[in-house]
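The values are calculated or read from the model by the stated rules, or taken from the named source; none is laboratory data. The structure displayed is predicted, hence computed values, not measured ones. So basically every Cβ, Gly included, is an ideal-geometry build from the backbone, and we count neighbours across all protein chains shown. Surface accessibility is based on the protein's heavy atoms, side chains included, excluding ligands, DNA and RNA. Shrake-Rupley method; radii C 1.70, N 1.55, O 1.52, S 1.80 Å.
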Amino acid sequence: MALWDRLKESASTMQTQLMAKKNDLKSGAFRDASMAMCALVAAADGTVDPSERQRVAQLIATNEVLQNFDADDLRRRFDDNLGKLTADFDFGKVSVMQEIAKAKKKPAEARAVIQIGIVIGGADGDFDKDEQAVVREACYTLDLPPHEFDL
């Protein structure tokens with residue numbers, strides 16, 4: 001199976017798993033951590049071009065799991081995290097990882113945050129090394145083994 005096909009299949013599987021848990025994913029910690037993860041993946045290469053920002057914002061708005069939350073609130077949280085990362089990536093990353101760590105107390109939420117990172121990263125068909133690296137780092141932040149997610 002080609003890498004592209006495996007990537008699409010993996011992202012699709014992650015989205016299916018997220019949908020199965022949708023009713024359990026309503027906490028503020030999950031909301032904050034998932035928006036931090038979206039921003040981290042969007043800025044993984046150190047820059048965010050407007051089309052990438054728009055694509056991630058669209059995915060956030062249309063993701064059924066995230067529809068548990070107010071869209072404007074999600075957008076504001078995503079933009080705040082993205083602002084921290086674009087102002088100073090290394091310093092911003094510390095703050096964003098603290099947001100991601102909020103999901104650590106509930107393993108189902110922690111896994112869902114990682115799955116959202118993979119879905120966002122693979123949405124353009126190219127879950128690149130920078131994106132994989134930040135999602136792997138988030139796994140460590142959440143005390144999850146990266147190999148569980150093929151990272």
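Would segment 88-95 turn up any residue that is out of contact with any helix residue (DSSP H, G or I) (no Cβ under 9 Å at 6 or more places or on another chain), at pLDDT 90 or above and not in a helix (DSSP H, G or I)?
Yes, the conditions are met somewhere in segment 88-95.
I'm told ALA57 meets every condition in (1) part of a loop (DSSP other than H, G, I, E, B); (2) open to solvent by 20 Å² or more (accessible area, probe 1.4 Å) except one. Can you identify the failing condition by its number?
Evaluating ALA57 over (1) part of a loop (DSSP other than H, G, I, E, B); (2) open to solvent by 20 Å² or more (accessible area, probe 1.4 Å) leaves (1) as the failure.
Criterion first (open to solvent by 70 Å² or more (accessible area, probe 1.4 Å), modelled with pLDDT under 95 and among the basic types (Lys, Arg)) does LYS84 satisfy it?
Numbers: open to solvent by 70 Å² or more (accessible area, probe 1.4 Å): yes; modelled with pLDDT under 95: no; among the basic types (Lys, Arg): yes.
No; evaluated as a whole, the condition is false for this residue.
Yes/no matrix, rows are residues, columns are (1) under 14 Å from ARG31 (Cβ atoms); (2) out of contact with any strand residue (DSSP E or B) (no Cβ under 8 Å at 6 or more places or on another chain); (3) assigned to a helix (DSSP H, G or I):
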position: ASN81; (1), (2), (3): yes, yes, yes
position: ALA103; (1), (2), (3): yes, yes, yes
position: ALA110; (1), (2), (3): yes, yes, yes
position: GLN115; (1), (2), (3): no, yes, yes
position: GLY121; (1), (2), (3): no, yes, yes
position: ASP126; (1), (2), (3): no, yes, no
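How about segment 124-141: which of its residues are open to solvent by less than 50 Å² (accessible area, probe 1.4 Å) and either in contact with a Phe, Trp or Tyr (Cβ under 8 Å, 6 or more places away or on another chain) or farther than 21 Å from GLN98 by Cα (or both)?
The initial filter retains those residues of segment 124-141 that are open to solvent by less than 50 Å² (accessible area, probe 1.4 Å), namely 125, 127-128, 131, 133-135, 138-139, 141.
Hits for segment 124-141 are GLY125, PHE127, ASP128, VAL135, CYS139.
Given the conditions (1) open to solvent by less than 90 Å² (accessible area, probe 1.4 Å); (2) part of a helix (DSSP H, G or I); (3) of a type in the set (S, T, N, Q); (4) without any contact (Cβ under 8 Å) to a residue 40 or more places away in the chain, and given that THR47 satisfies all but one, which numbered condition is not satisfied?
It is condition (2) that THR47 fails.
Return the total of residues in segment 101-151 being under 13 Å from the mean Cα position of the chain (by Cα) and either at positive phi or without any contact (Cβ under 8 Å) to a residue 24 or more places away in the chain (or both).
2
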